[in-house]
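Each remark here refers to the structure printed beneath this line.
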Amino acid sequence: MLKRIVRIREIMRTIGADGIIAYSPENRRYLSGFTGSTGYVIISEKEAGFVTDFRYTEQASVQCKGFEIIKNESPLVEYLSYTIEKYGIKKLAFEDNFMTVDFYEKLRKKIKAKTEMIPLEEKIGEIRIIKDDDELENIKKAAEIADLAFLHILDYIKPGVKEMDIALELEYFMKKHGSSNNSFEFIVASGNRSSMPHGVATDKKINNGDLLTLDYGCVYNGYCSDMTRTIVVGKATDEQKRIYSIVLKAQEEALLKIKAGVLGKEVDKIARDIITEAGYGDNFGHGLGHGVGLAVHEEPRLSPTGNRVLEKNMVVTNEPGIYIPGFGGVRIEDLIVVGKDKPIILSKSPKELIEL
Ligand code: ZN
Ligand code: ZN
């Protein structure tokens, strides 16, 4: 945590701030180690404080090493402004992409005579992009649990089972195996519904012959996994096989390109060109992938506009898809650590077309 605070102080200086306030769940946890749901990190050049209420002061004093724990009562802004003033902060950076207008106005009114507020933009997200060894271990474990769940769910899926029951079974199994939460609302999209890239589970029953897309992940020690597999329930038609093989080729070719020094958009282009040449460019309407960490969607983006250079120990997804209304869709997604010369693939579930 200390290293992270050193980094955040460097960032403060680059934007002309001498303090920050952060309380979005991911940034709060990243900077302080706090896993609870209410608390405000305030860091100045010399001090680090954690403002929270009665419910969390004991937990914070255990988890937030090196932080002064300040117990707030109501109104909260009194305690925040007291801490900001005590730490001598004159230019306070805040999470402009997270703070509500209401909260901003209250805080600004309270501290305005002595302290200016400066937008932090995505600067904490910037330091979260490259993962340290502990973070990588947690993400790897979250991916392992998702892989185990895939093997388990193959036995569970059959015609007549509802999408919602598949989602619940995935959740139950992963929680039994160490997951603390779902990393997002699972996509379980069968038959025609599989042409919706974000078709969350409904009470639709699985039919024989359905394409079935499962996109899910879990949280382990705060870190997310994210994986997609598409299978056919029953025997695949030639058309299903053909679409599947195009997506698989795009996914595998793009995978080979993922390494340090490459731009996100260069990786995206490999997959997009393959899908476009096969005639389905318009049926692949989302970016190829995204970063994963404390949040399931974070930087860097692998998309046509992804201008960031990939670096060692970034964690990204590679998830091309083809979605055809009235027919269905196929997406295949792996979770990957960017290596110096090659990708380190965390998702180990099989990618050849499974016909159940
Ligand atoms: Zn996914
Ligand atoms: Zn994803």
Of the residues L170, G191, T115, the Cα lying farthest along the dipole of the stretch 84-214 towards its positive end, which is defined by charges on the beta carbon of Lys, Arg, Asp and Glu, belongs to T115
Kirkwood Rh over alpha-carbon pairs of the chain plugged into Stokes-Einstein at 4 °C, 1.567 mPa s gives a D in µm²/s of 59
The stretch 277-316 scanned against label point 7 Å out from E10 along Cα→C-beta; backbone N under 20 Å for 299-300, 308-315
Per-residue ellipticity at 222 nm attributable to helices in the chain (runs of n ≥ 4 DSSP H, -39500 (n - 2.57) apiece, nearest 500 deg cm²/dmol) works out to -11500 deg cm²/dmol
The simple spin-label model distance between D273 and D155, using points 7 Å out along Cα→Cβ, in nm, is 4.4
Treating only Lys and Arg (+1) and Asp and Glu (-1) as charged, each at its beta carbon, one finds that the chain has a dipole about its Cα centre, in Debye to the nearest 20, of 680
Of 149-160, 227-238, 330-341, ordering from highest average Cβ density within 10 Å down gives 330-341, 227-238, 149-160
Once H177 and S61 are pulled to full extension, the length gained, defined as 0.36 nm per residue separation minus their Cα-Cα distance, is 38.9 nm
Summed over the other residues with a beta carbon less than 11 angstrom from that of Q240, with K and R at +1 and D and E at -1, the charge totals -1
Plugging the Cβ-Cβ distance of K205 and A260 into 1/(1 + (r/R0)^6) at R0 = 45 Å yields, to the nearest 0.05, a FRET efficiency of 0.45
About its Cα centre, the stretch 34-165 carries a charge dipole, from +1 on Lys and Arg Cβ atoms and -1 on Asp and Glu Cβ atoms, whose size in debye to the nearest 20 is 640
Expected field for F327, accessible surface area in Å² at 1.4 Å probe radius, rounded to 10, holds 60
A chain fully extended from E185 to Y104 at 0.36 nm per residue, minus the present Cα-Cα distance, gains in nm 26.2 nm
Note to self: C-alpha centroids of the stretch 296-356 and the stretch 44-106 sit apart, in Å, by 37
When every protein chain stays in place and a 1.4 Å probe is rolled, H198, H286, H177 sorted by accessible area with the largest first are H198, H177, H286
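The values are calculated or read from the model by the stated rules, or taken from the named source; none is laboratory data. Keep in mind the model is a prediction, meaning the values are calculated, not measured. In this analysis, Cβ positions are derived from the backbone assuming ideal geometry, glycine residues included, and neighbour counts consider all displayed protein chains. Quick note on the areas: whole protein, heavy atoms, side chains included, nothing else; ligands and nucleic acids left out. Shrake-Rupley method; radii C 1.70, N 1.55, O 1.52, S 1.80 Å.
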